[in-house]
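**Q** Sending over a structure as structure tokens; questions will come in a sec.
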Amino acid sequence: PMTVKRMTGIVSRGGSIHAKWNIFHHKENFAYEHWDDILEICAKYDIALSIGDGLRPGSIYDANDEAQFAELFTQGELTKRAWEKDVQVMNEGPGHVPLHK
């Protein structure tokens, strides 16, 4: 995976749980696979989603790596798909690294 060269690995509790589940089951993230189904439910009941950043860097050493930018790209993709279904989203961003790094 893209995080294998990181000094601090995956520091997000949720990100770590998802990564271990994916590796153990040899499957894609189940929320990603069922995103359109999730959006249908959210649109029907006017539910907003928080799109977490499970691959955020835990140190300056790991900041701006391939995993972080791939996740940000995916967050953007999921946000656009949610907006197409009139579902509001909040995107979490990296918080362990100063913005100028």
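A short reminder: the numbers here are calculations on the coordinates, not readings from a lab. This structure is a prediction, so every number in the text was calculated from the model and none was measured. Here Cβ is always computed from backbone atoms with ideal geometry, including for glycine, and neighbour counts include all displayed protein chains.
**Q** Of everything in region 71-87, what is of a type in the set (A, V, I, L, M, F, W, C) and more than 9 Å from the chain's Cα centre (by Cα)? Give them in sequence order. Walk me through it before giving the result.
**A** We begin by selecting, within region 71-87, every residue of a type in the set (A, V, I, L, M, F, W, C); these are 72-73, 78, 82-83, 87.
73, 78, 82, 83, 87 - these are the residues of region 71-87 that are of a type in the set (A, V, I, L, M, F, W, C) and more than 9 Å from the chain's Cα centre (by Cα).
**Q** So, of the residues in region 39-51 that are of a type outside the set (Gly, Ala, Ser) and not in a strand (DSSP E or B), which turns out to be nearest to residue 78 (Cα to Cα)? Give the derivation first.
**A** Initial filter on region 39-51 (of a type outside the set (Gly, Ala, Ser)): 39-42, 44-47, 49, 51.
If we keep only those that are not in a strand (DSSP E or B) too, we end up with 39-42, 44-47.
Values: 39: 10, 40: 13, 41: 15, 42: 13, 44: 18, 45: 19, 46: 17, 47: 15 Å.
Going through the qualifying residues, I end up with 39.
**Q** Could you run through region 1-22 and say how many residues are part of a helix (DSSP H, G or I) and without any contact (Cβ under 8 Å) to a residue 40 or more places away in the chain?
**A** The first filter runs over region 1-22 and keeps only residues part of a helix (DSSP H, G or I), leaving 13-22.
The next check asks that each one be without any contact (Cβ under 8 Å) to a residue 40 or more places away in the chain; those that pass are 13, 16-22.
So the answer is 8.
**Q** Of all residues in region 67-84, which are loosely packed, with under 12 Cβ neighbours inside 10 Å and farther than 18 Å from residue 38 by Cβ?
**A** Once the filter is applied, which keeps residues that are loosely packed, with under 12 Cβ neighbours inside 10 Å and farther than 18 Å from residue 38 by Cβ, region 67-84 yields only 73.
**Q** Take the conditions in a helix (DSSP H, G or I) and basic (Lys, Arg) and apply them to residue 81. Does it pass?
**A** Details: in a helix (DSSP H, G or I): yes; basic (Lys, Arg): yes.
Spelling it out, residue 81 is indeed in a helix (DSSP H, G or I) and basic (Lys, Arg).
**Q** From the list 43, 82, pick out the single residue that is of a type in the set (Gly, Ala, Ser) and touching a Cys at 6+ places or on another chain (Cβ under 8 Å). Give the steps one after another, and end with the answer.
**A** Numbers: 43 fails: touching a Cys at 6+ places or on another chain (Cβ under 8 Å).
After applying the criteria, what remains is 82.
To keep it simple, each residue is scored yes or no on (1) outside any loop (DSSP other than H, G, I, E, B); (2) within 22 Å of residue 2 (Cα to Cα).
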position	(1), (2)
24	yes, yes
37	yes, no
55	no, yes
70	yes, yes
73	yes, yes
90	yes, no
93	no, yes
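**Q** What are the residues in region 48-78 that are in contact (Cβ under 8 Å) with a residue 40 or more places away in the chain and more than 13 Å from residue 92 (Cα to Cα), if any?
**A** Step one: list which residues in region 48-78 are in contact (Cβ under 8 Å) with a residue 40 or more places away in the chain, which gives 48-62, 65-67, 70, 74, 78.
Of everything in region 48-78, those that are in contact (Cβ under 8 Å) with a residue 40 or more places away in the chain and more than 13 Å from residue 92 (Cα to Cα) turn out to be 48, 58, 59, 60, 61, 62, 65, 66, 67, 70.
**Q** Evaluate region 65-86: report whether one residue or more is within 30 Å of residue 100 (Cβ to Cβ) and among the hydroxyl-bearing types (Ser, Thr, Tyr).
**A** Yes, that holds for at least one residue.
**Q** Let me ask you something else. Could you check residue 45 against (1) under 29 Å from residue 64 (Cβ atoms); (2) more than 17 Å from the chain's Cα centre (by Cα); (3) among the aromatic types (Phe, Trp, Tyr) and say which number it fails?
**A** (1)
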